[in-house]
Amino acid sequence: MTTEPKKLPDQREFNERIISAFERLNIPYGIGGSVASMSYAKTTRFTNDVDLMMDIDVEKLELLVAEVEQWQVYIDPIETIFEFNLPARLPINIIDGITGTKADLFVVQQVGLDAAIMARLRRRKLYVQPDFYAWFLSPEDVILYKLIYFKKSEGTSQKHPTDIHAMLRAAEHEIDLAYLDNWASEVGVLDLWQAVWDEFHRP
């Protein structure tokens, strides 16, 4: 007797629902993390998480939380968001306990790199058949945040340099190196960026 392989959860419906809510509520957002790096690298690997950066005020945040609460999925309660997530700069979690799909929503600050990224978003195709478009962080900003999280992991999360190498292989000629060098220096990851760049070009 043969058993069919376990089907991995399909995150498309989950992601489209969240992105459609952002756009309907006119909340500026950008997809980052592994979903964005795979889009730029033109590669795929299984992930049940999506990271989104959002520029949102209190009124829109309350509307978003109220809407998601109607979907029969988990979202951090609004009181917890104001008292804990935002002061600690932690993401807001949306989790579908049935499929295991998850979204981490990061509220951008109005200073530094956070402020810069929202002016550089790119509209890209997220899914096909039918086509579904969304806003993404620029490839440079995806790389910068991956370097930041690689540093926070103290070098233990090797997926970040691996993702960066994949992006460089697919789109090195499109990368704004001056922007990357400048902001890598500003956020304290220039040494990591130079190491990743040198490793990528090593024979």
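Given axes a ≥ b ≥ c from the Cα gyration tensor, I'd like to know whether region 104-161 is rounded (a/c under 1.5), prolate (a/b larger than b/c) or oblate.
oblate
Would you mind classifying the chain by shape? Square roots of the alpha carbon gyration tensor eigenvalues, ordered a ≥ b ≥ c; an a/c under 1.5 is rounded, otherwise it is prolate if a/b is larger than b/c and oblate if not.
oblate
Counting only heavy atoms of the protein chains, get the accessible area per residue of the chain (1.4 Å probe) and round it to a whole Å² value.
Computed with neighbouring chains in place, this is 56 Å² per residue.
How large, in percent, is the carbon and sulfur part of the accessible surface of the chain at a probe radius of 1.4 Å?
53
With an 8 Å cut-off on Cα pairs and a minimum separation of 6 or more residues, tell me the relative contact order of the chain in percent.
That works out to 22 percent.
Tell me, what HN-Hα J-couplings in whole Hz come from the Karplus equation 6.51 cos²θ - 1.76 cosθ + 1.60 at θ = phi - 60° for each residue of region 86-91, using x for Gly and Pro?
With the stated coefficients, region 86-91 comes to 5, x, 8, 6, 9, x Hz.
Can you tell me which of 49-56, 93-100 comes out highest on packing, and rank the rest after it, using the mean Cβ neighbours within 10 Å?
Those peptides, ordered most packed to least, come out 49-56, 93-100.
Could you tell me which trypsin sites (Lys or Arg not before Pro) in region 20-71 are loop residues by DSSP with no more than 13 other beta carbons within 10 angstrom of their beta carbon?
Within region 20-71, the qualifying trypsin sites (Lys or Arg not before Pro) (loop, at most 13 other Cβ atoms within 10 Å) are Lys42, Arg45.
So for Thr43, Thr101, what's the accessible-area order with a 1.4 Å probe, most first?
So the residues, ranked largest to smallest area, are Thr43, Thr101.
For Tyr133 and Lys152, calculate 0.36 nm times their separation in residues minus their Cα-Cα distance, and state this gained length in nm to one decimal.
3.7 nm
Using packing as a proxy for protection, rank 29-38, 82-91 so that the peptide with the highest average count of other Cβ atoms within 10 Å comes first.
Sorting 29-38, 82-91 by mean packing, highest first, produces 29-38, 82-91.
Counting only DSSP beta bridges with both residues in the chain, tell me the antiparallel percent, nearest 5.
Roughly 70 percent of the DSSP beta bridges within the chain come out antiparallel.
Quickly rank 122-130, 11-19 as a protection proxy: mean count of other C-beta atoms within 10 Å, highest first.
11-19, 122-130
Let me cross-check Trp193: its accessible surface, 1.4 Å probe, with only protein heavy atoms counted, in Å² to the nearest 10?
Per-residue accessible area (Trp193): approximately 10 Å².
For Glu186 and Gln109 in the same chain, what is the full-extension length gain: residue separation times 0.36 nm, less their Cα-Cα distance, in nm?
The Glu186-Gln109 span can extend by a further 26.2 nm.
Mind checking which helices in the chain clear 27 Å along their axis (Cα) and have mean Kyte-Doolittle hydropathy of 1.6 or more, DSSP H runs only?
Span-like helices in the chain: none at all.
The values are calculated or read from the model by the stated rules, or taken from the named source; none is laboratory data. This is a predicted model, so every value here is computed, not measured. Glycine also receives a Cβ, built like all others from the backbone with ideal geometry; neighbour counts cover every protein chain displayed. The area values use the complete protein model at the heavy-atom level, side chains included, leaving out ligands, DNA and RNA. Shrake-Rupley method; radii C 1.70, N 1.55, O 1.52, S 1.80 Å.
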